[in-house]
Every structure is written in structure tokens, then in C-alpha cells.
Amino acid sequence: MTMNSFTTQIIAINDPASAAGQAALAQAGALIRAGHLVAFPTETVYGLGADALNAAAVAKIFAAKGRPADNPLIAHICSLPMGERLAEFTPLARLLAERYWPGPLTMVMPRRPIVPDVVTASLGTVAVRWPSHPVAAALIAASGTPIAAPSANTSGRPSPTRAGHVAEDMSGKIPLILDGGAVDIGLESTVVDVRGQYPVLLRPGKITAEQLTELCGNCLLPRPGDAQRPAAPGMKYRHYAPRGQVYLAEDAAAALLIAGRLAETPLFLVSDRTAEQLLNQGLPASRIKTLFHTGDLSRYAQVIFAALRDADSENEANIVVEAVPEQGLGRAIMNRLKKAAAK
Ligand code: AMP
Ligand code: MG
């Protein structure tokens, strides 16, 4: 694979409306329009963006990430008319856009011919999201074009939630990273197929199945093998994984059982309550990292990918991670953790 070699510039951008912010956005927008890649913060995770209407530019995303070509991208927009250029909005799509855009919801809709095949992996649909992060929205506006963007990590690794994570994976491969600080949510967007009467949940996220059911009357799960409703193709790959082996444990007792089968004490990434119980069982404090207060799933979501990346940096071979109930945001957290734990 040939890949242009770049000196990757990282520009901090706190206020898009400031003079410095405007200058950074003008530079980033010019790069997007010229067919280059720019990494940028969103409210979910950092994205790796290209002009969604430029097939050659979008192809660079797949090369930089090592992403399989059959895994389609999300097109990011900053207005409804921009979305209408890409997709046919159904009544359900309009209802959800009204309630949740801008925000962490991606909608899969029938595509229009203007969208290149490389974005959609040649599916008849396109995934569209209007992000709420001010830098993301301002970058799309400055570029004057929708931006196709997956998470800005090397394929398979935990998604980046800080600019430094993007630099770990993309240094030398892209010209610019916009640094907007740590992200708010920490997990990728909820993805729903909105072609039918009810949303079909293709990937769980911050906007939960419970919330979608409340607004739409129902929220379906994809039926395996239903050609009319393919699950988000990306979900079949190993994902979100550090190099060490991840084990899931629902409580301290389960964590101790797993540790007992390993030759060396693993790293524990757990809640404060589990941490206390592990300490009481005599496990060394140096092997225990408290990530969140028990029950604070928003905080857990925010920090889990960074914790998995830190475990990589420390060359941890075995990582025991706390499982949480699969409801609300816990469904999205467990979706990522199960993939991270896949052998
Ligand atoms: P990423 O941007 O890396 O978080 O991945 C985007 C997710 O959306 C992946 O799981 C894709 O498979 C999914 N996706 C994107 N476009 C479509 C589409 N047209 N139909 C179904 N899933 C899609
Ligand atoms: Mg991703």
C-alpha cells in the first residue's frame, strides 16, 4: 500500500468563533475541499473526515485506518438541506431528526445517486448524522460539503476520545488533527435504520432503545439474515480491542475467579465498589483502576476507551473489565466490551 507521508499538525481549537478558531477551521476546510483527511472532535468520539462527495478522498480514509472496504461510513451534515442531498428522508427520519439532531444519532436511509459507492460500500442506503459538537458542525460548514467520517482509530483499536489517541494511530498519515479536548460521550453514535415504520437498532449508543421506543412507539432489533435490513456491516468485525486479552466480570467475585486462572495478576478496570471489594480480598492497589462510581454509566462510557488504550501503553497482557446490566446506556457499553473481549 502506498500512503502519502505527512507531518501531522495538531491545532487546539477551543472556541470556533474566535479568530484562532476561524483560522484553524479555514485551513481544515481547505484541506477537506482539496481531498485531504482531517481528524476532528465530535460529541461521541474523534472522527477521520473526508469530503463525502469525493470518492478518491474517501478512499484515503480506508487506507489510513486499514478499514475493510465493505464497512460503510457515516456522512456528517450540518443542516437538513445538506442531508436531503444525500438521502431520502422517511416520515420516521423526520420525527427522529426533529427530536435528536444535532446529536449522537445516525440514521440509515435510502441513498441518492450523488453519494459515491465507496461511502456506502455499494449499499442502497446511506448513514447520515448531524453532530452537535461545535467544532464538528463548524468544520462541515467551513468545508461546504458533507464529511464522511468513521472513528479516527486504526481499524480494530479502541476509538479515540482525545486528540492524543488520534495522533497515536494517525501520525504521519494525515495532515491535520483538530484538538477539541476530551469528548463528552465516549462511545460511537446510535445507528438506526429508519426506512420502515419503526427504528431498527443497528448499533446501540447514547440514545437508547428505551428512548427510541418512547418516541416512536417501538424499537426493533435486526433480524439476522434479513437482506432488506442488513445489520451495520461494521459490527461483524473485531473492534475496540487493546492488544491484551479482555475478560468481562460482573462483580468482584467473578473478577477474582478470572484472576485465579491466570499466571499473573491482571489489570482490573472497575467501579469504585468493585475496587474496594478487590482491595479487601488482598489484591494489590497498583493492579486496580477505578473508572467510575457504581451506576454512573455516562462516566464509564466516557473513559472506557481511554482506559483500554492506556492498558496497551502499559503492555498489559490481561485486562479484567467490569460488566454492567444491558439496559439503557449499559447496552451500548456492553456491546463495545463484548467485541473488545472477543478472541
Ligand atoms: P464508525 O464510523 O467506524 O463508527 O462505523 C459506522 C457504523 O455505521 C458501522 O458499524 C457501519 O457498518 C454502520 N453503517 C454505515 N453506513 C451504513 C449503512 N448504509 N447501512 C448500515 N450500516 C451502516
Ligand atoms: Mg469505528
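The values are calculated or read from the model by the stated rules, or taken from the named source; none is laboratory data. It should be emphasised that the depicted structure is a prediction, and the values quoted were computed from it without experimental measurement. In this analysis, Cβ positions are derived from the backbone assuming ideal geometry, glycine residues included, and neighbour counts consider all displayed protein chains. Each accessible area value is taken on the protein alone, full model and side chains, heavy atoms only, with ligands, DNA and RNA left out. Shrake-Rupley method; radii C 1.70, N 1.55, O 1.52, S 1.80 Å.
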Pairs where the first residue, in the stretch 317-343, is assigned to a loop (DSSP other than H, G, I, E, B) and the second is at pLDDT below 95, C-beta under 7 Å, 6+ apart: 317/244; 342/238
Subset of the stretch 139-156 (residues that are open to solvent by 20 Å² or more (accessible area, probe 1.4 Å) and either away from ligand 1 (no atom under 12 Å from the Cβ) or in a strand (DSSP E or B) (or both)): 141, 142, 144, 151
Counted residues, the stretch 196-207 - those being open to solvent by 10 Å² or more (accessible area, probe 1.4 Å) and either farther than 13 Å from residue 96 by Cβ or out of contact with any helix residue (DSSP H, G or I) (no Cβ under 8 Å at 6 or more places or on another chain) (or both): 4
Meets criteria (within 18 Å of the chain's Cα centre (by Cα) and of a type in the set (Val, Ile, Thr)) for residue 288: no
So residue 118, is it more than 16 Å from ligand 2 (Cβ to nearest atom), open to solvent by 30 Å² or more (accessible area, probe 1.4 Å), closer than 17 Å to residue 48 by Cβ and assigned to a helix (DSSP H, G or I): yes
Tally of residues being more than 19 Å from the chain's Cα centre (by Cα) and not polar (S, T, N, Q) across the stretch 292-310: 4
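Residue-by-condition table, conditions (1) buried (at least 24 other Cβ atoms within 10 Å of the Cβ); (2) within 16 Å of ligand 2 (Cβ to nearest atom); (3) of a type in the set (Phe, Trp, Tyr):
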| site | (1), (2), (3) |
| --- | --- |
| 45 | yes, yes, no |
| 53 | no, no, no |
| 70 | no, yes, no |
| 76 | yes, yes, no |
| 97 | no, no, no |
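May I ask you to list the residues in the stretch 199-219 that are polar (S, T, N, Q) and closer than 17 Å to residue 44 by Cβ?
The answer is 208, 211.
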Test: residue 159 is closer than 23 Å to residue 38 by Cβ, open to solvent by 10 Å² or more (accessible area, probe 1.4 Å) and assigned to a loop (DSSP other than H, G, I, E, B): no
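Out of the residues in the stretch 284-302 that are in a helix (DSSP H, G or I) and in contact with a Ser or Thr (Cβ under 8 Å, 6 or more places away or on another chain), state the one that is nearest to residue 160 (Cα to Cα).
Among those residues, the one meeting the criterion is 302.
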Residue 106, sole failed condition from (1) over 24 Å from residue 168 (Cα atoms); (2) in contact with a Lys or Arg (Cβ under 8 Å, 6 or more places away or on another chain); (3) part of a loop (DSSP other than H, G, I, E, B): (3)
Cross-chain or 6+ apart pairs with Cβ under 6 Å, the stretch 146-157 first and closer than 12 Å to residue 66 by Cα, then crowded, with 23+ Cβ neighbours inside 10 Å and among the aromatic types (Phe, Trp, Tyr): 152/46
